[in-house]
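The values are calculated or read from the model by the stated rules, or taken from the named source; none is laboratory data. What you are looking at is a predicted structure, and each value in this text was computed from that prediction instead of being measured. Every residue, glycine among them, receives a Cβ derived from its backbone with ideal geometry; neighbour counts consider all protein chains shown. Surface areas here come from the heavy atoms of the whole protein model, side chains and all, with no ligands, DNA or RNA. Shrake-Rupley method; radii C 1.70, N 1.55, O 1.52, S 1.80 Å.
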Amino acid sequence: MPAPEPVRRRAEQLRTELDEHSYRYYVLDDPTVSDAEFDVLVRELAALEAEHPDLRTPDSPTQRAGYAPAATFASVTHDVRMWSLDNAFDRDELQAWADRIAKLVAGPIRFVGEPKLDGLAISLLYVDGRLVRGATRGDGTTGEDVTANVLTIADVPRELRGRGLPARMEVRGEVFMRLDAFEALNRRQDEAEERRFANPRNAAAGSLRQKDPRVTAARSLSFFAYQVEVADGAVPAPSHHATLDRLRDWGLPVNPEIEPLADIDAVAAFCARMEAQRHGLGYEIDGAVVKVDDLAQRVEMGHTSKAPRWAIAYKFPPEEKTTLLHDIMVSIGRTGRATPFAVMEPVFVGGSTVAMATLHNQDEVARKDVRPGDTVVVRKAGDVIPEVVGSIAAKRPKRSRPWVFPSECPSCGGPLVRLDGEADAHCVNVDCPAQRVARIVYFAGRAAMDIEGLGEERVRQFVDAGLLADPADVYALTVEALLPLERMAQKSAENLVAAVAASRDRGLARVLIGLGIRHFGPAAAQAAARTFGDLDRLRAASVEELTAVEGIGPVIAQSVAAFFATAHNHHVLDKLRAAGVDLRAPLAAPAATDGPLVGCTVVLTGGLTGFTRDAAQAEIEARGGKVTGSVSKKTTFVVAGADPGSKLAKAEQLGVRVLDEPGFVRLLAEGPAGLG
Ligand code: 5U1
């Protein structure tokens, strides 16, 4: 039975949210939710899809892990997919995993326990012992070529040494930043009056993805190897721990905490030991990785669509600390949403100092029963976003009263309205300065127009000074108008105006993201920009035309249509155009005119595990092939993934050759001749 409409809408909303979070995490290194919060959303979507399989789309975040790489570096297609790991959150889940895999093989299973570093996965390709390529994980299939930067990491050998080296070997491991290097980096950031890094993971990711390798070199990154994926010439060893010994012999750094473990009880003891030692290692870990040791057993166990069955990540519960809750305040977001947040005595928890934490909404404050003056328990869920867990009753001051949600907006004094059935209260005054500030900050933010130097403090100052009322006013800022303001030197004003000017060419998708249209996340904005090509065609599109775009469902389409039905929004867009902001999508790369697939027409149907639809299309076009939407006698190949539609039946009826995913990979690698 097809999913009912409210369930369909919820699934679409979850997909939009997850896409946005993935983009912020993988591309911007600037997540706004914790891993744990992300996992909760993924689990909710997976549960809906399990109940209503018609909701599952090939590009659903449950079907892939990660996000397509940022455009700055050349793309690298991994020979073997860089898997993510399934998680276990407690001893029972570990045991359940061990029971599951025991059914897949004969004989006892031995394990290897490894600390799970909080860094970023990297692939290193060694040919004849020499490092020839370093690539990030990206979306698992395609990553970024960061060779020049990897070569600056002292721990990564350029040349391997010793006997029995395979002719070609891909080593995987983690690039991370040790705590002393992280603290030194933030001290230097302070001295240079630059933004501090929130945690070592963000610092490592940001440092590895620098355009200038000299910047990476100055950042003291570290590396541990944990896997050999492909080895031509010699299979290093029959077991994982012996393979790691070989890597060590050849000069690759392997974490000394890694241990072979005889059974699942030893695994549990290892996880507990890692948890007890986690703050004494000199680098951050957020769990332990447990792997099957015997490589032959691994082959028998195989993979799911996302992760190997032979490995699991045991995630530590988040670290908790207590501190004093000074006050509860309310912030107003760009849609007018009023969000209470805790103002606390700063406390060091989960790798950084925390002084504020969101309390989400009025009911959440009541549910947690936290009051100003309380001693509260704070944690970093997933070690990213701080969270107030609750208060300690025994330490509550005697005359304490429950906190009361304000009835007026703290910014404009207008009423805060909470509609029946909604969790959030909203300031309904569209002229509210706080909403204006939030809208402009979002527009100037990294996910959108990426205007360096136009952060919240500056935007508030400019709104208060009457220089900005909407995002388009940003383009009217001049050095002369800025100079009379406080804390504004000539150089800063010039830099800011230059940064604003540089943002004019970001293209339509980034402008759409910056306008903060509800439900319209980065993936949908990019799909719309690509399909319609420019603003005028997009704003003339009907709901039906919008819904026809892959990645845009009815909820997004309605929201976009409602946005374009509002006169004020047209006014802002017209101002952006008049200011010279590029409202076109960049032209797609011209089709390749040579390559092994010239003359081939390919139809894609069903979900592929290793490619998004766009990535598969790009791979075909890069080799001179053409992708079309329907099967005809002229179609050369139909690539059928999971749950293929009627196109498969049509292909069979017309006698068109059908390829499964391995066949498709072969087609890409070797051309039609490789299919035999
Ligand atoms: N220590 C360690 N971290 N980690 C992460 N081992 C390890 N293995 C991984 C990942 C993603 O993947 C293997 C399946 C290769």
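Some points to look at:
- The residues of the chain have, on average, 46 Å² of accessible surface per residue, using a 1.4 Å probe with all protein chains present.
- Stokes-Einstein D (µm²/s) once Rh is taken as the Kirkwood radius of the range 448-490 over alpha-carbon pairs, at 37 °C in 0.692 mPa s: 302
- The range 300-309 - phi-based ³J(HN,Hα) in whole Hz, Karplus 6.51/-1.76/1.60, Gly and Pro as x: 5, 6, x, 10, 8, 5, 10, 8, x, 6
- Of the trypsin sites (Lys or Arg not before Pro) found in the range 197-264, the ones in coil according to DSSP and having at most 11 other Cβ atoms within 10 Å of their Cβ are K211.
- Computed from the C-beta positions of E452 and A184 and an R0 of 22 Å, the FRET efficiency is 0.40 to the nearest 0.05.
- Carbon/sulfur fraction of accessible area - the range 453-578, other protein chains in place, 1.4 Å, %: 52
- Packing-based ranking, highest mean first, of 134-147, 421-434 given that Cβ atoms within 10 Å are counted: 134-147, 421-434
- Restricting the range 459-504 to trypsin sites (Lys or Arg not before Pro) in coil, as DSSP defines it, with at most 14 other Cβ within 10 Å: R487
- Residues whose placed amide H lies under 5 Å from that of A579, excluding near-sequence neighbours: none
- Whole-percent carbon and sulfur share, accessible surface of the range 601-675, 1.4 Å: 51
- Contour excess over end-to-end distance, with Cα ends at K211 and L675 and 0.36 nm allotted per residue: 163.1 nm
- Dividing the summed -39500 (n - 2.57) terms of all DSSP H runs of n ≥ 4 by the residue count of the chain sets its mean residue ellipticity at 222 nm at -10000 deg cm²/dmol.
- Pairwise label distance in nanometres, R504 with A562, each label 7 Å out on the Cα-Cβ vector: 3.4
- Span-like helix ranges in the chain, DSSP H, alpha carbon extent 27 angstrom or more, Kyte mean at least 0.5: none
- The range 195-335: proportion of alpha-carbon pairs further apart than 18 angstrom, %: 71
- Distant-in-sequence amide contacts of V330, defined by a placed amide H-H separation under 5 Å and a gap of 5 or more residues or a different chain, comprise F341.
- Hits among lysines - C-alpha to C-alpha of K634 under 18 Å, sequence gap 8 or more where chains match: K626, K647, K650
- The order of the peptides 42-49, 108-115 by mean Cβ neighbours within 10 Å, most packed first, is 108-115, 42-49.
- Across the chain, the volume of the C-alpha convex hull divided among the residues equals 189 Å³ per residue.
- Under 30 Å, Cα to Cα: Lys pairs in the range 75-315, sequence gap 8 or more or different chains: 11
- If R0 equals 41 Å, the separation of the Cβ atoms of A276 and D54 corresponds to a calculated FRET efficiency of about 0.30.
- Label zone at V417, where the point sits 7 Å out along the Cα-to-Cβ direction: the range 431-467 residues whose backbone N lies under 14 Å: 431-432
- Computed FRET value (nearest 0.05) for E550 with D660, which takes r as the C-beta separation and R₀ as 22 Å: 0.55
- Computed from the C-alpha gyration tensor, the three semi-axes of the ellipsoid equivalent to the range 320-426 are 24, 17, 12 Å, from longest to shortest.
- Hz values of 3J(HN,Hα) by residue in the range 104-112 - Karplus curve (6.51, -1.76, 1.60), Gly and Pro given as x: 8, 9, 8, x, x, 10, 9, 10, 10
- Pairwise label distance in nanometres, V127 with A489, each label 7 Å out on the Cα-Cβ vector: 4.9
- Summarising the amide proton neighbourhood of V354: residues at separation of 5 or more, or on other chains, whose placed amide H is nearer than 5 Å comprise V347, F348, V349.
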